[in-house]
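Worksheet: the structure to be examined is printed underneath.
The values are calculated or read from the model by the stated rules, or taken from the named source; none is laboratory data. Just so it is clear, the structure is predicted and the values come from calculations on it, not from any experiment. No Cβ is skipped: glycine too gets one built from the backbone with ideal geometry, and neighbour counts run over all protein chains shown. Note: accessible area is taken over every heavy atom of the protein model, side chains too, but ligands, DNA and RNA are not part of it. Shrake-Rupley method; radii C 1.70, N 1.55, O 1.52, S 1.80 Å.
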Amino acid sequence: MQDRGTFISPFLRQRCLAAAAPAGKAKLTHPGKAILAGGLAGGIEICITFPTEYVKTQLQLDEKANPPKYRGIGDCVKQTVQGHGVKGLYRGLSSLVYGSIPKSAVRFGVFEFLSNRARDESGRLDSTKGLLCGLGAGVMEAVLVVCPMETVKVKFIHDQTSANPKYKGFFHGVREIIRHNKWTYQGLTATVLKQGSNQAIRFYVMTSLKNWYKGDDNNKAINPLMTGVFGAIAGAASVFGNTPLDVIKTRMQGLEAHKYKSTLDCALKIMKYEGLAAFYKGTVPRLGRVCLDVAIVFIIYEEVVKVLNTVWKTD
């Protein structure tokens, strides 16, 4: 007669093996889908959050030595609306709309391209590799899109503070900026440092949080609300991690950038004449904008990718 333990053991063994088996290889996102989804997400996001970007830039350009024109966020908004109407808070938006679409497209396209090659056999991307892939994406978007776009944006916003604004519109402004400055790559070093660290921090945090949430199931779905929370946390981390670089970049791209010989000279002069606190000017409005920005971008990106996966088969 067969021993009962011997009879049951194959069944138990099968159950144990099934439980121990991996949940399945994570699905990879095709870079082409990432480019389309990223571009759409970037365009929608900037139209929602631009006023906070405007206020942040104004406060960073408002140097203490002038003396300062604004007493804070509320005063900046008040003076802008009084002098230029509500539409004044959207001055320079066109340059970011034209730039945000390719910026996000490059960012997510490059990240997915790099991360698809950095994942392990199960398709899992660890946090360190997520940081490096984010760094690569940030550097690429800085060189191809962000530096010229940010130079135009900062000059547009700074021009509004002049007694006689000279830019009549986006294309006129770009033509004048190129004519007088010869190129739009002012502050390239600072921009590369800022964008590289920005995306390295954000994708590191997002990768870490996603891995924590999914556990052993690489294909576990993340609902949009949770994606937004993770994005906001990633955005906050990047703000506290690299606002000093953002301040330096803004100064290097303003209308008075000629005062600085280099990125290092700009940093030293800010420290000498304005103190350490100046490196965190505009942190509060930037924090609000970036948390909302990153949350919105990641939500839209993930949802658009889901739609593309149903209509564009790349496996």
Enumeration of residues in region 253-305 that are of a type in the set (D, E, K, R) and over 30 Å from LYS210 (Cβ atoms): GLU256, LYS259, LYS261, ASP265, LYS269, LYS272, GLU274, LYS281
Some residue of region 131-154 being assigned to a helix (DSSP H, G or I), of a type in the set (Asp, Glu) and more than 22 Å from the chain's Cα centre (by Cα): no
Search result, residues across region 16-35 that are modelled with pLDDT of 95 or more and open to solvent by 70 Å² or more (accessible area, probe 1.4 Å): ILE35
Qualifying positions in region 76-115 - of a type outside the set (A, V, I, L, M, F, W, C), over 20 Å from the mean Cα position of the chain (by Cα) and open to solvent by 20 Å² or more (accessible area, probe 1.4 Å): LYS78, GLN79, GLN82, GLY83, HIS84, GLY85, LYS87, ARG91
Test: residue in region 39-50 that is part of a loop (DSSP other than H, G, I, E, B), at pLDDT 70 or above, among the hydroxyl-bearing types (Ser, Thr, Tyr) and closer than 26 Å to GLY134 by Cα: no
Hits in region 259-315 (condition: over 29 Å from GLY38 (Cβ atoms) and among the aliphatic types (A, V, I, L, M)): LEU264, ALA267, LEU268, ILE270, MET271, LEU276, ALA277, ALA278
Qualifying residue in region 118-127 (condition: open to solvent by 30 Å² or more (accessible area, probe 1.4 Å), among the aliphatic types (A, V, I, L, M), out of contact with any strand residue (DSSP E or B) (no Cβ under 9 Å at 6 or more places or on another chain) and at pLDDT 80 or above): no
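Condition check ((1) closer than 18 Å to VAL297 by Cα; (2) of a type in the set (Val, Ile, Thr)) across all residues:
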{"residue": "THR52", "(1), (2)": "yes, yes"}
{"residue": "VAL55", "(1), (2)": "no, yes"}
{"residue": "ASP62", "(1), (2)": "no, no"}
{"residue": "CYS76", "(1), (2)": "no, no"}
{"residue": "GLY92", "(1), (2)": "no, no"}
{"residue": "GLY109", "(1), (2)": "yes, no"}
{"residue": "GLU112", "(1), (2)": "yes, no"}
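Going by the structure shown, is VAL110 touching an Asp or Glu at 6+ places or on another chain (Cβ under 8 Å) and at pLDDT 95 or above? Quick ask: steps written out before the conclusion?
Numbers: touching an Asp or Glu at 6+ places or on another chain (Cβ under 8 Å): yes; at pLDDT 95 or above: yes.
In short, yes.
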Boolean, THR191 is crowded, with 23+ Cβ neighbours inside 10 Å, more than 28 Å from VAL305 (Cα to Cα) and under 14 Å from the mean Cα position of the chain (by Cα): yes
Candidate set from region 225-235 (those that are surrounded by 16 or more Cβ atoms within 10 Å (Cβ to Cβ) and of a type outside the set (Val, Ile, Thr)); member that is nearest to LYS261 (Cα to Cα): GLY235
Selected residue [more than 18 Å from the chain's Cα centre (by Cα), more than 16 Å from ALA257 (Cα to Cα) and either modelled with pLDDT of 80 or more or open to solvent by 20 Å² or more (accessible area, probe 1.4 Å) (or both)] from ILE222, ILE178, ILE201: ILE222
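Would you mind stating whether TYR70 is modelled with pLDDT of 85 or more, outside any helix (DSSP H, G or I) and either surrounded by 13 or more Cβ atoms within 10 Å (Cβ to Cβ) or over 27 Å from the mean Cα position of the chain (by Cα) (or both)? So that I can check it myself, show each step before the final result.
Working: modelled with pLDDT of 85 or more: yes; outside any helix (DSSP H, G or I): yes; either surrounded by 13 or more Cβ atoms within 10 Å (Cβ to Cβ) or over 27 Å from the mean Cα position of the chain (by Cα) (or both): yes.
Yes, satisfied.
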